[in-house]
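Here's the structure we're looking at; comments come further down.
The values are calculated or read from the model by the stated rules, or taken from the named source; none is laboratory data. Being a predicted model, the structure only gives us computed values, none of them experimental. With ideal geometry, Cβ positions are generated from the backbone for all residues, glycine too; neighbour counts draw on all protein chains shown.
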């Protein structure tokens, strides 16, 4: 509670009296303590154990006004002013009260006088704010002064708390309004606004948003005035165990909902300690930030799905239009090959004629000249190679078209039924046997059964794509771990290899459609995988370190388990 009181009176004796009542000196306290030892508890001792205040005095109105003004400018305002009305030189009490009220509209004022030559209405009109103005007649009892000081300082403090709380509420509402009306289409674009609102509400200038993924912490966005070394130092303090708003020294950590596993860290310029009320409002702001990011994420996914759906529609028409000329190319290539074979027969027959005796010299010379100018065998090899190139190119186009067709038509083929996913894993390994048998050691660690309501063919495609990717990453030699279990109503499937891993900059894009790092890849394999898992209401994430392999972790809701429980 604020203890700052100013007393303005032109009589030093009266100022001393205020000081003895409101701010007992150490000498008086020691005297009272000695009296207690000699004579028992005294009246003075009872008085000195009461509330004590930081009292400032002034003999003139102008002097008192200057002290009030300076204290207000420093942000250390006085709570209460006792002002004598009759001051012969300079401002009188009412003029002093009027000027003080203009300098500090929140200060509590008590007008004290031995007699009244001004009406109360005149005082109120001149000084203003009647709820903060009291009139006290002399002589007054010390207990009356103490009671006024106690009540008015507590009143001032309560009003200050209420005003700060109202300002915080208004700031919170402004932040919520701004966040709710963000016009962005991606989480990445929303993060700067979220960070700015949290920093402003916490009265901090510096901070960053850090993302925690599998125990690793990475900076998503930060304010300009944070150095990399400082952010690294702060990230060392973070852990997966943070479940609510936490304070570590002068650092405030505000986690979002589990969906994002993102932390807002407000760094050293945060003012500690923070009040419980402000923490409660900060929690509301954090929840709003989480809701906004979740909403933006859903919108981003919706737009992505719409874009993919549009691509699918365009792709279907594209495939239809390209299929006919592609088949023409394949047929012409085969005809080219057949015609070439006929031509080689003709060349063979002509070569046989050269061996016939009696062939006219002119014809023999022309045919010898042709043989010298053209090497039939060399031409035959070239044409065979051209034919192979045409067929291989057409075959790749057909494969690409098929992948695009599967990608764009997946929703039409989703057929969830009750299946044992462990059988699907075993069946997939049988399909991939030929590519695994030479240099890949497979480690199978899954429970049986792994029952779920799922599209089993879709999951087989997922498992096969991930296994093929792993084999390609390991270049046919290495270890492949496949695990599966049930936990908390969810099926957990992991496929991990001992390959070279995936760079961090690539990891963020591996599930994007048409993104590939392979020279002959279509960029649809992992995108189709993610689409299948999304159809099941599940999730898939990649865990990788350069030189330490890559793991894909799949979570699928155990719908069948829930159905069995509801039937029971």
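Here are some notes:
Yes/no per residue for (1) at positive phi; (2) out of contact with any helix residue (DSSP H, G or I) (no Cβ under 6 Å at 6 or more places or on another chain); (3) at pLDDT below 80; (4) not assigned by TED's automatic domain parsing to the domain that holds residue 527:
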position: 353; (1), (2), (3), (4): no, yes, yes, yes
position: 370; (1), (2), (3), (4): no, yes, yes, yes
position: 386; (1), (2), (3), (4): no, yes, no, yes
position: 419; (1), (2), (3), (4): no, no, no, no
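- Filter result (more than 15 Å from residue 253 (Cα to Cα) and either in a loop (DSSP other than H, G, I, E, B) or modelled with pLDDT of 75 or more (or both)) within region 199-219: 214, 215
- Residue list for region 420-449, filter: assigned to a strand (DSSP E or B), more than 19 Å from residue 487 (Cβ to Cβ) and free of Cβ contacts under 8 Å to residues at least 40 places away in the same chain: 441, 443
- Hey, residue 499 in contact with a helix residue (DSSP H, G or I) (Cβ under 7 Å, 6 or more places away or on another chain), in a loop (DSSP other than H, G, I, E, B), surrounded by 15 or more Cβ atoms within 10 Å (Cβ to Cβ) and touching a residue at least 24 places away in the same chain (Cβ under 8 Å) or not: yes
- Listed conditions (1) on the phi > 0 side of the Ramachandran plot; (2) surrounded by 17 or more Cβ atoms within 10 Å (Cβ to Cβ) are all met by residue 450, apart from (1).
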